Amino acid sequence: MAGGVRVEKMPGHWLLARLGKRVLRPGGVEATRRMLEALEIGVRDEVVEFAPGLGATARMALERRPASYTGVERDREAARRVAEILRGDRRGCVVGDAAATGLASGCASVVFGEAMLTMQREAQKRRIAGEAYRLLRPGGRYGIHELCLVPEEIDGGMKEEIREELSRTVRVGARPLTPGEWQALLESCGFEVTGHVLAPMRLLEPGRILRDEGPAGTLRFAANLLRDGGARARVLAMRRLFRRYRNHLAAIVLVARKPTTP
């Protein structure tokens with residue numbers, strides 16, 4: 001996925017994946033599980049996931065035995081890898097843009113995406129949420145799991161400082177929002193927000209890594225870090241950044257519903 005990009009220029013999520021980290025969501029497996037529980041995926045649901053990445057959440061969603069699952073992934077190699085883990089009829093992963101999937105309107109009862117809206121500018125965030133709205137039939141549910149700025153009344157200067165530091169260190173154009181701003185974004189696209197949960201953003205803390213990756217995965221990740229000095233420097237810089245702003249960074253899980261009447 002990272003192609004020939006040098007370690008110092010590689011987006012942080014690509015770098016972590018190359019080092020063997022499988023869970024790349026800001027709130028970890030626990031927040032993902034909360035999102036899936038709130039979406040109440042069942043055997044009658046037709047599910048669409050935006051940007052499934054390594055497929056970790058796809059596996060968890062498929063444990064709920066939905067009627068169908070479709071991943072929409074921009075990266076062709078990532079889409080191929082996700083397709084490899086899908087077994088059974090009406091399960092697949094297409095190469096496409098979450099803002100314009102090409103899927104039929106009203107084809108889904110559940111749409112979700114994680115750690116991908118944060119990296120988009122305001123207009124693109126709105127286009128992606130709008131596409132989720134288009135794909136859902138009335139009463140359908142939309143879930144997001146994203147990076148969040150806290151508290152709600154965070155100083156504007158601090159907000160921009162954090163965004164700039166995230167973009168510089170993680171090498172992606174990170175634009176996290178406050179809880180109220182995330183809610184307003186979805187409401188502006190027509191959704192009714194049914195609830196949200198905040199969780200600590202501890203992606204690179206040892207305890208979180210162990211819970212997310214398990215003992216074997218944690219050892220694999222640590223061994224890869226020890227072998228690659230350049231990658232280790234990048235990961236430690238990201239962890240220092242997350243720790244510096246730990247009072248202002250969180251993960252948010254937000255679930256909304258498409259109204260049953262216009």
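Is it the case that region 87-94 has a residue that's over 21 Å from residue 129 (Cβ atoms), in a strand (DSSP E or B), of a type in the set (Lys, Arg) and touching a Ser or Thr at 6+ places or on another chain (Cβ under 8 Å)? Yes, that holds for at least one residue. Here residue 33 meets the list (1) in contact with a helix residue (DSSP H, G or I) (Cβ under 8 Å, 6 or more places away or on another chain); (2) in a loop (DSSP other than H, G, I, E, B); (3) surrounded by fewer than 18 Cβ atoms within 10 Å (Cβ to Cβ) almost entirely, failing just condition (2).
Looking across region 149-164, the residues that are in a loop (DSSP other than H, G, I, E, B) and either more than 19 Å from residue 26 (Cβ to Cβ) or open to solvent by less than 50 Å² (accessible area, probe 1.4 Å) (or both) come down to 150, 153, 154, 155.
With the checklist (1) over 18 Å from the mean Cα position of the chain (by Cα); (2) assigned to a helix (DSSP H, G or I) in hand, flag the one item residue 60 doesn't pass. Single failed check for residue 60: (1). Within region 76-97, being open to solvent by less than 40 Å² (accessible area, probe 1.4 Å) and under 25 Å from residue 127 (Cβ atoms) holds for 78, 79, 82, 92, 93, 96. In region 95-107 there is no residue matching the filter, namely being in contact (Cβ under 8 Å) with a residue 12 or more places away in the chain and within 18 Å of residue 187 (Cβ to Cβ). Residues in region 214-243 that are free of Cβ contacts under 8 Å to residues at least 24 places away in the same chain and surrounded by 14 or more Cβ atoms within 10 Å (Cβ to Cβ): 214, 218, 222, 232. Would you point out the residue of region 98-119, among those that are in contact with a Ser or Thr (Cβ under 9 Å, 6 or more places away or on another chain) and in a loop (DSSP other than H, G, I, E, B), that is surrounded by the most Cβ atoms within 10 Å (Cβ to Cβ)? The extreme case among them is 101. If you go through region 124-148 and keep only what is in a helix (DSSP H, G or I), of a type in the set (A, V, I, L, M, F, W, C) and out of contact with any Phe, Trp or Tyr (no Cβ under 8 Å at 6 or more places or on another chain), you end up with just 135.
May I ask you to list the residues in region 36-75 that are surrounded by 22 or more Cβ atoms within 10 Å (Cβ to Cβ) and polar (S, T, N, Q)? The answer is 57, 70.
Could you say which residue among 246, 211 is under 18 Å from residue 29 (Cβ atoms), in contact (Cβ under 8 Å) with a residue 24 or more places away in the chain, within 20 Å of the chain's Cα centre (by Cα) and surrounded by fewer than 16 Cβ atoms within 10 Å (Cβ to Cβ)? Just a single option satisfies the conditions, and that option is 211.
Can you tell me which residue is least open to solvent (accessible area, probe 1.4 Å) among those in region 165-200 that are within 18 Å of the chain's Cα centre (by Cα) and of a type in the set (Gly, Ala, Ser)? The extreme case among them is 174. Inside region 15-30, residues that are outside any loop (DSSP other than H, G, I, E, B) and surrounded by fewer than 21 Cβ atoms within 10 Å (Cβ to Cβ) make up a count of 4.
The values are calculated or read from the model by the stated rules, or taken from the named source; none is laboratory data. As the structure is a prediction and not an experimental result, all values here were calculated from the model. Note that each Cβ is placed from the backbone with ideal geometry, even for glycine, and that neighbours are counted across all protein chains shown. Heavy atoms of the whole protein, side chains included, go into the accessibility calculation; ligands, DNA and RNA do not. Shrake-Rupley method; radii C 1.70, N 1.55, O 1.52, S 1.80 Å.
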